[in-house]
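S.K.: My questions all concern the structure below.
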Amino acid sequence: MMEKEKSGRKTDAEVMIGNYAIARGLVEAGIELAAAYPGTPSSEILPGIVEFKKREKMNIHTEWSVNERCAMEVAFGAALSGHKAVCMMKQVGLNVALPSFLHGRKKKMEGSLVIVSCDDPGPQSSQTEQDTRLLALLFGIPVYDPASPAEAADLAYYAVQYSFEHKVPVIIRPTHRVSHAREVIPLYPIGGRKVTLQEGVQKQQTAVSSQPSASIIDNRSSIIDETGSSPDASRLTAFGVVASGMSYSIAADVLAELGLANTVPVYKVVQLSVPIIDNRSSIIDDRETGSSPDASRLTPHALRSFIDSVDKVLVLEETDIVIEALTGDSKKIFGRRNGYVPGAGELTYDVIRDIIANVVNETKTAKVESVSDRAIEEALKGVHVQPRPPKLCAGCPHRASFYAMRRAFPDAIFPGDIGCYTLGISMGAVDTCLDMGGSVNLAAGFSDAFVQDGNLVPIIASIGDSTFFHAGLAALYDAVKKQKGFILVIMDNGTTAMTGMQPTPQTGITVDGTYTRTARIEDVVTGLGVEFLRILDPYDIPVMISTIREAYTYLNNQPSAISDQKSVSIIDNRSSIIDETGSSPHASSLTPNGPSGYEPSASNADNRSSIIEDRATSDSPRTSHLVPSFGGPAVIIARRGCILNSKLKPEDICDVGSIEKNCIGCKKCITEFECPALVFDEETKRVVIDDGLCVQCGMCLYACPKQEKGKKLQKQYGKGTTKKKAK
Amino acid sequence: MKLEILCAGIGGRGVLLASTILIEAAIAAGLKASASDEYGMSQRGGSVVSLVKIGDFKSPLIGRENAGILLSFEESEFYRNLTFLKRDGRVIVNTHKDALPGEVERLLKERNIRAYLVDGDGIAKQKGMIKASNIAILGYFSSLRIAPYSYENIKQTIVEKTKGKFLEKNLEIFEAGFRQAEGRDQ
Ligand code: SF4
Ligand code: SF4
């Protein structure tokens, strides 16, 4: 019984998002280690585990790993030594973890390993859609596809037990709609959850119970279990649906809306697995059946007989062809291969309603009127709707960095990376966005290509601090070693902002709030052998611009890699640079931040002490080597805390009222600077500041030609960020 | 009973808090409820939609012209989400304007949709907490008495869900939103 007790006493059900429901199921199953790298839509699972382990006073080791491969292998190590381990990631994170995955599946585990890989149909916050189930099948690992947060909690619990019992890794694949939906989740004591897989044809729910807890429990007891689910063969229906995950839940709602809930049977798929892993399992049918024997070997028996019992089947699954491919019966099936289900994009409510209406009409199961009324769109044609493309936050330090990068070299090549700062694309300061760490390697490749062509172009790559630790280290070392000529701006905002402010290795804070060692980016960068390093505050746009130009001069003054003979003078040349920078007055006065929290530079809006620190490896062993070494990338660390994570200091706050007052309506602050707090008023033809969003950082003053700061910048660096020539 | 509510607004302005209050209030009234949130790449200032479904549904998603109620915490987000509102539905728009564009008025009339224009920002600003305009809208919404959402039920949930020092202000704003409905023709 769910009881809502006043005064915060213990309740045995509560509202939570799907990711917390998964965390709850895992904790109840008695996991002992959990490791993850944050990535939308998976990021809340690990914090959920921390929350429940604290509540239940359990000894679970929890950690944010530097990347998914570390998470997977740490968990795998624990599993090999007999512990119950889990690791969490987003779907593309699974790619990073793959090296161990492929081989690891055959290792004999003493414990259990559950991998939660969250898919992102759409995609909504990824570079690409990717169906985790495909990889699971490729590697022969059972995969579960929850249809709701409540089912996700059950499956998480079940998966740990299954993995422990069968000694195989198991994957749970929730999609973002499951991960982020909120509903009531029943709580059980540790080890006490009762789970029955809801695989098979689902009974129609009848009357709505006024007691929600009763309906939850009813729901459970009416579950058809894994093996016993054999649809009534005598009821030969013309048309049925096979659906999995959130698509199942939507299909059920759509059929109810269309009044077809009792007409069209729906077979729900929860688990997919292949014989090589679990040939004992009764859901795998080895008999010779059906018209295409190869595929049908992989089709669970109950699913096969459901398909046999109907004339036509619609298969709804996200995001790729998996169940549809396994069933192999292409003549019978409405799906992606014959174009009834779109090949890409999320299967939303409307998409599924259209598909079902179409198929139901075609099979003459029923007659469904299509809602082709465009009256709403027609009426809205003349209405101005404020466009809200995704943008960096008002006051975001990344915006200042990007603006400086564009002002320094409007025509540069800008390889970008994965994080909030991918949004720099709309400011023209991100040209590529491939994968985690891709900016560094691509920059190196561009540099080689341009050098080969004898064509020197500034290349300014950007990468965030968390991404740098995730995948940038090896890439930067490679670039140093091979002396590539590009500028790398490490945008250090002290956190993993995009996925919800998870701590980075630099903070030394772990997921449960305890401290470990910190790893400072500047130490890592110099340790990798980078010789040009500046650390600055991106809010100081003029200094940022001049530093980028200085970095480019540094790169171009590097002697050509071919001129071996000049090695001695090169070293001289270098050490003079080092002396110059090493003796900077700022160098010793400001120390980088320790684990006491992320503290960006002490700075002042009008008189910012810009260079936080000049660093050079003056005592590096390199100076005593007589082998030629020719520079390599120049690194700038743009360090200022994420605006959502660290409030502006009083001395950073600027009065920006003059933006509105002096506005001539040129829109430069909007088109080139893109702060979402600046809104163009179509009536007055002037810019107004949205007080609800503006944080008074004052950065827009640099973009406005009518402001002192903007005028100064124009005098020094030309009109704006517009490209001189088309690329 | 079944009820589908779409809450639309801008990131960082309490859309998710509003939908949390709505589902908790429904659950407190003994109903089944779920919510699903959509926020794009922007951390702040982007469009945010939160779907609330009360009653016997399996999925937390809402289809075109299926929502019975649309709560728009910002005017542009009202237009952006109008396709989800069904005929005979009701919508509250947070705006300082006292009329919608003629075309839109005509459309709503033709579909028998009732629109309530409420200056939630104005109410919240007056009470010194502009970011709580969502609470003013909920106050107004409670005056419509759409089951299970009574004034008392929503108020009680706000008391349970708001922390310490903000509670008093929130209740003041909630009350002011509710009062705004006085004298409205039913
Ligand atoms: S750049 Fe200056 S003049 Fe131009 S729109 Fe912005 S505030 Fe107005
Ligand atoms: S001061 Fe300017 S740049 Fe900063 S948040 Fe306000 S409008 Fe945006």
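The values are calculated or read from the model by the stated rules, or taken from the named source; none is laboratory data. Quick caveat, the model's predicted, so the values are computed rather than measured. Backbone-built Cβ (ideal geometry, glycine too); neighbour counts: all protein chains shown.
S.K.: Going by the structure shown, is residue A:695 buried (at least 16 other Cβ atoms within 10 Å of the Cβ), within 36 Å of the chain's Cα centre (by Cα) and either away from ligand 1 (no atom under 14 Å from the Cβ) or over 17 Å from residue A:668 (Cβ atoms) (or both)? Spell out how you get there, then give the answer.
M.R.: Values: buried (at least 16 other Cβ atoms within 10 Å of the Cβ): yes; within 36 Å of the chain's Cα centre (by Cα): yes; either away from ligand 1 (no atom under 14 Å from the Cβ) or over 17 Å from residue A:668 (Cβ atoms) (or both): yes.
So residue A:695 fits the description; yes.
S.K.: Take the conditions modelled with pLDDT under 90, touching a Phe, Trp or Tyr at 6+ places or on another chain (Cβ under 8 Å), crowded, with 21+ Cβ neighbours inside 10 Å and closer than 23 Å to residue A:89 by Cβ and apply them to residue A:464. Does it pass?
M.R.: Details: modelled with pLDDT under 90: no; touching a Phe, Trp or Tyr at 6+ places or on another chain (Cβ under 8 Å): yes; crowded, with 21+ Cβ neighbours inside 10 Å: yes; closer than 23 Å to residue A:89 by Cβ: yes.
Against the criterion (modelled with pLDDT under 90, touching a Phe, Trp or Tyr at 6+ places or on another chain (Cβ under 8 Å), crowded, with 21+ Cβ neighbours inside 10 Å and closer than 23 Å to residue A:89 by Cβ), residue A:464 does not qualify.
S.K.: So, one more: For residue A:692, which of the numbered conditions (1) within 15 Å of ligand 2 (Cβ to nearest atom); (2) under 20 Å from residue A:401 (Cβ atoms); (3) in contact with a helix residue (DSSP H, G or I) (Cβ under 7 Å, 6 or more places away or on another chain) fails to hold?
M.R.: It fails just one condition, (2).
S.K.: Scanning the range A:390-444 for residues that are assigned to a helix (DSSP H, G or I), out of contact with any Cys (no Cβ under 6 Å at 6 or more places or on another chain) and among the polar types (S, T, N, Q), which turns out farthest from the other protein chains (Cβ to nearest Cβ)?
M.R.: Looking at residues that are assigned to a helix (DSSP H, G or I), out of contact with any Cys (no Cβ under 6 Å at 6 or more places or on another chain) and among the polar types (S, T, N, Q), I get A:441.
S.K.: Somewhere in the range A:638-646, is a residue away from ligand 2 (no atom under 13 Å from the Cβ), among the basic types (Lys, Arg) and either surrounded by fewer than 16 Cβ atoms within 10 Å (Cβ to Cβ) or under 30 Å from residue A:455 (Cβ atoms) (or both)?
M.R.: Checking the range A:638-646: not a single residue is away from ligand 2 (no atom under 13 Å from the Cβ), among the basic types (Lys, Arg) and either surrounded by fewer than 16 Cβ atoms within 10 Å (Cβ to Cβ) or under 30 Å from residue A:455 (Cβ atoms) (or both).
S.K.: For the range B:58-84, how many residues meet the condition of being among the polar types (S, T, N, Q) and more than 7 Å from every other protein chain (Cβ to nearest Cβ)? Let's see the steps before the verdict.
M.R.: Our first condition is that a residue be among the polar types (S, T, N, Q); within the range B:58-84, this holds for B:59, B:66, B:72, B:76, B:81, B:83.
Going one step further and asking which of them are more than 7 Å from every other protein chain (Cβ to nearest Cβ), we end up with B:66, B:72, B:81.
The number of residues fulfilling the criteria is 3.
S.K.: Any idea how many residues of the range A:660-680 are closer than 20 Å to residue B:9 by Cα and either near ligand 1 (Cβ under 9 Å from one of its atoms) or more than 14 Å from every other protein chain (Cβ to nearest Cβ) (or both)?
M.R.: Qualifying residue count, the range A:660-680: 2.
S.K.: Could you list, in sequence order, all residues of the range B:25-57 that are within 8 Å of chain A (Cβ to nearest Cβ), among the aliphatic types (A, V, I, L, M) and either surrounded by fewer than 22 Cβ atoms within 10 Å (Cβ to Cβ) or not in a loop (DSSP other than H, G, I, E, B) (or both)?
M.R.: The answer is B:27, B:28, B:33, B:35, B:41.
S.K.: Which of the residues that make up the range A:137-168 are surrounded by fewer than 21 Cβ atoms within 10 Å (Cβ to Cβ) and of a type in the set (D, E, K, R)?
M.R.: A:165, A:167
S.K.: Across the range A:650-667, what is the number of residues that are more than 9 Å from ligand 2 (Cβ to nearest atom) and buried (at least 20 other Cβ atoms within 10 Å of the Cβ)?
M.R.: The qualifying residues number 2.
S.K.: Could you tell me which residue of the range A:356-377 is surrounded by the most Cβ atoms within 10 Å (Cβ to Cβ), considering only residues that are within 8 Å of chain B (Cβ to nearest Cβ) and part of a helix (DSSP H, G or I)?
M.R.: Filtering first and then ranking leaves A:376.
S.K.: A further question follows. If you check A:450, A:469, which single one turns out to be within 20 Å of residue A:436 (Cα to Cα) and among the aromatic types (Phe, Trp, Tyr)? Break it down into steps so the answer makes sense when it comes.
M.R.: On the way: A:450 fails: within 20 Å of residue A:436 (Cα to Cα).
Going through A:450, A:469 in turn, the sole match is A:469.
S.K.: Further, regarding this structure: Among the residues in the range A:344-351, are any more than 16 Å from ligand 1 (Cβ to nearest atom), in contact (Cβ under 8 Å) with a residue 40 or more places away in the chain, out of contact with any Gly (no Cβ under 7 Å at 6 or more places or on another chain) and closer than 30 Å to residue A:689 by Cα?
M.R.: Checked against the condition, which is being more than 16 Å from ligand 1 (Cβ to nearest atom), in contact (Cβ under 8 Å) with a residue 40 or more places away in the chain, out of contact with any Gly (no Cβ under 7 Å at 6 or more places or on another chain) and closer than 30 Å to residue A:689 by Cα, the range A:344-351 yields no hits at all.
S.K.: Also, I was wondering about something else. Exactly one of (1) crowded, with 24+ Cβ neighbours inside 10 Å; (2) at the interface with chain A (Cβ under 9 Å from one of its Cβ atoms); (3) aliphatic (A, V, I, L, M) is unmet by residue B:22. Its number?
M.R.: (2)
S.K.: Give me the pairs: first residue in the range A:659-684 and closer than 14 Å to residue A:387 by Cβ and β-branched (Val, Ile, Thr), second residue assigned to a loop (DSSP other than H, G, I, E, B) and within 10 Å of ligand 2 (Cβ to nearest atom), beta-carbon distance under 7 Å, and six or more apart or on different chains, which are they?
M.R.: A:679/A:690
S.K.: Would you check if there is a residue in the range B:99-106 being without any contact (Cβ under 8 Å) to a residue 12 or more places away in the chain and not in a helix (DSSP H, G or I)?
M.R.: yes
S.K.: Any residue in the range A:704-725 that is within 14 Å of ligand 1 (Cβ to nearest atom) sitting within a Cβ distance under 6 Å of a residue that is of a type in the set (S, T, N, Q)? List the pairs, counting only those 6 or more apart or interchain.
M.R.: Final answer for the pair search is A:706/A:662.
S.K.: Now a separate question. List the number of the failed condition for residue B:93; all other conditions in (1) under 21 Å from residue B:11 (Cβ atoms); (2) in contact (Cβ under 8 Å) with a residue 60 or more places away in the chain; (3) assigned to a strand (DSSP E or B) hold.
M.R.: Every condition holds for residue B:93 apart from (2).
Each row is one residue, and each column tells you yes or no for (1) in a loop (DSSP other than H, G, I, E, B); (2) more than 14 Å from every other protein chain (Cβ to nearest Cβ); (3) at pLDDT 95 or above.
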residue	(1), (2), (3)
A:146	yes, no, yes
A:161	no, yes, yes
A:177	no, no, yes
A:183	no, no, yes
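S.K.: Turning to a different aspect of this structure: Within 25 Å of residue A:168 (Cα to Cα) and either at pLDDT 90 or above or not hydrophobic (A, V, I, L, M, F, W, C) (or both), is that true of residue A:151?
M.R.: Numbers: within 25 Å of residue A:168 (Cα to Cα): yes; either at pLDDT 90 or above or not hydrophobic (A, V, I, L, M, F, W, C) (or both): yes.
Spelling it out, residue A:151 is indeed within 25 Å of residue A:168 (Cα to Cα) and either at pLDDT 90 or above or not hydrophobic (A, V, I, L, M, F, W, C) (or both).
S.K.: Give the range B:58-87 a look and list any residue that's within 17 Å of the chain's Cα centre (by Cα) and in a strand (DSSP E or B), or say none.
M.R.: B:67, B:68, B:69, B:70, B:71, B:72, B:85, B:86
S.K.: Kindly indicate whether residue A:654 is within 9 Å of ligand 1 (Cβ to nearest atom), more than 14 Å from chain B (Cβ to nearest Cβ) and of a type outside the set (S, T, N, Q).
M.R.: Against the criterion (within 9 Å of ligand 1 (Cβ to nearest atom), more than 14 Å from chain B (Cβ to nearest Cβ) and of a type outside the set (S, T, N, Q)), residue A:654 does not qualify.
S.K.: Being away from ligand 2 (no atom under 11 Å from the Cβ), charged (D, E, K, R) and assigned to a helix (DSSP H, G or I): is that true of residue A:672 here?
M.R.: yes
S.K.: For the range A:122-136, name all the residues that are of a type outside the set (D, E, K, R) and crowded, with 20+ Cβ neighbours inside 10 Å.
M.R.: A:123, A:126, A:130, A:132, A:135, A:136
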